[in-house]
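Bear in mind these aren't lab numbers, they're just calculated from the coordinates by the rules spelled out. Keep in mind that what you see is a predicted model, and the values were worked out from it rather than measured. Every residue, glycine as well, gets a Cβ built from its backbone with ideal geometry; the counts of neighbours run over all protein chains shown.
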Amino acid sequence: ERTKGINGLDKIIVRDGRGGSVEVYLYGGQVASWKNVKGEDLLVMSSKAIFEPPAPIRGGIPILFPQYSNTGPLPSHGFARNRFWEIEANPPPLPSNCSSKVDLILRSSNDDMKIWSHKFEYRLRVELGLEGDLTLTSRVKNSDGKPFNFTFALHPYFAVSDISEIHVEGLQNIDFLDQQKNRMRSTDHGKVITFNSQLDRIYLSTPDKIRIVDHKKKKTIVVHKEGQVDAVVWNPWEKKVSDLGVEDYRRFVTVESAAVEKPITLKPGEEWKGILQMSVVPSACSSGK
Ligand code: TA6
């Protein structure tokens, strides 16, 4: 269902027929909301989010492409999050079950070629699964005559009861780059990550599965990624973010599927695929122990 969202921006609503839904803005190709069958928000949108291009939308799942953060010459986090994407009616086939979905595409424009001189097609499938899980499949194709590299992340603002009441697990003994210390490299020996101040780390070559355990809600968000070896964990806490409400940091954590340390290289005609699957389950069933 295509409709108008905030400030008349086009959005697509995908429903699973049982009350669950996901909303995707063509601006940014950005998931802005994901609700379970009870209508609960599983993602956070900033109370001060700006829905006015060219500002990126603070919340949901921004797409950071073709550059993660300020790791290269492009504007921070690249440009995909502030471009208008299109619906693609007949994308090249992808395995899919009988889930509800929408396919979007972003193609390099002449203007983009001035700052990043590579022809590409970025296909995004947003899919609500039968169990209420949300899957984003990214396919980036080099439609140019020369190879290119890119770095990348999907940046979900996961809703939590309270940032002090959660932990992130699955990253023990993994090296990370500390973004608060000029990306200094360290190793995390902690069994879990807890939050009591700003944290901004790029974990390198992580397991595919990372869990956010919400003690207060007794729920676990399971993040499963493929094709992107790194994972960014971020909460700004006291750090001033102009389009984030002062107390908003309490309500979210980002656990991002990313390819940062080793850029992805594509030869002419080659395509890369990355998957991010997210589900929320009762904590008792999720420990996997
Ligand atoms: O992925 C974490 C991060 O790179 C942080 O350093 C933080 O600044 C955040 O993304 C948000 O970036 P933005 O450009 O949206 O303000």
* Asked: For the residue pair ARG107 and SER143, what label-to-label distance in nm results when each label sits 7 Å from Cα along the Cα-to-beta-carbon direction?
  -> 0.4
* Equivalent-ellipsoid semi-axes of region 1-109, from the Cα gyration tensor, Å, largest first -> 24, 18, 13
* Structure fact -> The farthest towards the positive end of the charge dipole of region 1-116, of the residues VAL22, PHE84, ASN110, given +1 on Cβ of Lys and Arg and -1 on Cβ of Asp and Glu, is VAL22
* Structure fact -> Evaluated at 25 °C and 0.890 mPa s, the Stokes-Einstein D of region 118-215 based on the Kirkwood radius over Cα pairs, in µm²/s, stands at 149
* With charges set only on the Cβ (+1 for Lys and Arg, -1 for Asp and Glu), what does the dipole of the chain come to about its Cα centre, in debye to the nearest 20? -> 100
* Structure fact -> Once the in-chain neighbours fewer than 8 apart are removed, the lysines whose Cα is under 16 Å from LYS191 read LYS209, LYS289
* To do: List every residue whose amide H lies under 5 Å from the amide H of PHE79, counting only residues 5 or more places away in sequence or on a different chain, with H placed 1.01 Å from N in the peptide plane.
  => PHE65, GLN67
* With a sphere of radius 14 Å drawn around the Cβ of VAL232, what net charge do the other residues whose Cβ falls strictly inside it have (Lys, Arg +1; Asp, Glu -1)? -> -4
* State which entries of LYS4/LYS119; LYS119/LYS267; LYS119/LYS225; LYS11/LYS101; LYS35/LYS217 exceed 19 angstrom in Cα-Cα distance in the structure shown. => LYS4/LYS119; LYS119/LYS225
* Asked: Which of GLY145, HIS224, ILE63 sits farthest toward the positive end of the charge dipole of the chain, with +1 on the Cβ of Lys and Arg and -1 on the Cβ of Asp and Glu?
  -> HIS224
* To do: Report, to two decimal places, the Cα Rg of region 1-63 normalised by 2.2 N^0.38 Å (N = number of residues).
  => 1.07
* Could you please report the charge total around GLU52, scoring K, R as +1 and D, E as -1 over all other residues with beta-carbon less than 15 angstrom from its beta-carbon? => +4
* Say we join alpha carbon atoms closer than 10 Å with springs in a Gaussian network model of the chain; which of ALA231, ALA258, ALA55 then has the biggest fluctuation? -> ALA55
* Radius of gyration and Dmax for the chain's Cα atoms, expressed in Å? -> 18.0, 53
* To do: Kindly write out, for region 193-205 in residue order, the coupling ³J(HN,Hα) from the Karplus curve 6.51 cos²θ - 1.76 cosθ + 1.60 (θ = phi - 60°), rounded to whole Hz, with x marking Gly and Pro.
  => 9, 10, 10, 9, 6, 4, 9, 8, 10, 9, 7, 9, 6
* Using a cut-off of 11 Å between beta-carbons, work out the net charge of the residues near LYS217 (Lys and Arg +1, Asp and Glu -1, LYS217 not included). => -1
* Structure fact -> Taking region 68-180, the whole-percent share of alpha-carbon pairs separated by over 25 angstrom is 41
* Asked: Among HIS224, HIS189, HIS215, which comes first, then next, by fewest other beta-carbon atoms within 10 Å?
  -> HIS189, HIS215, HIS224
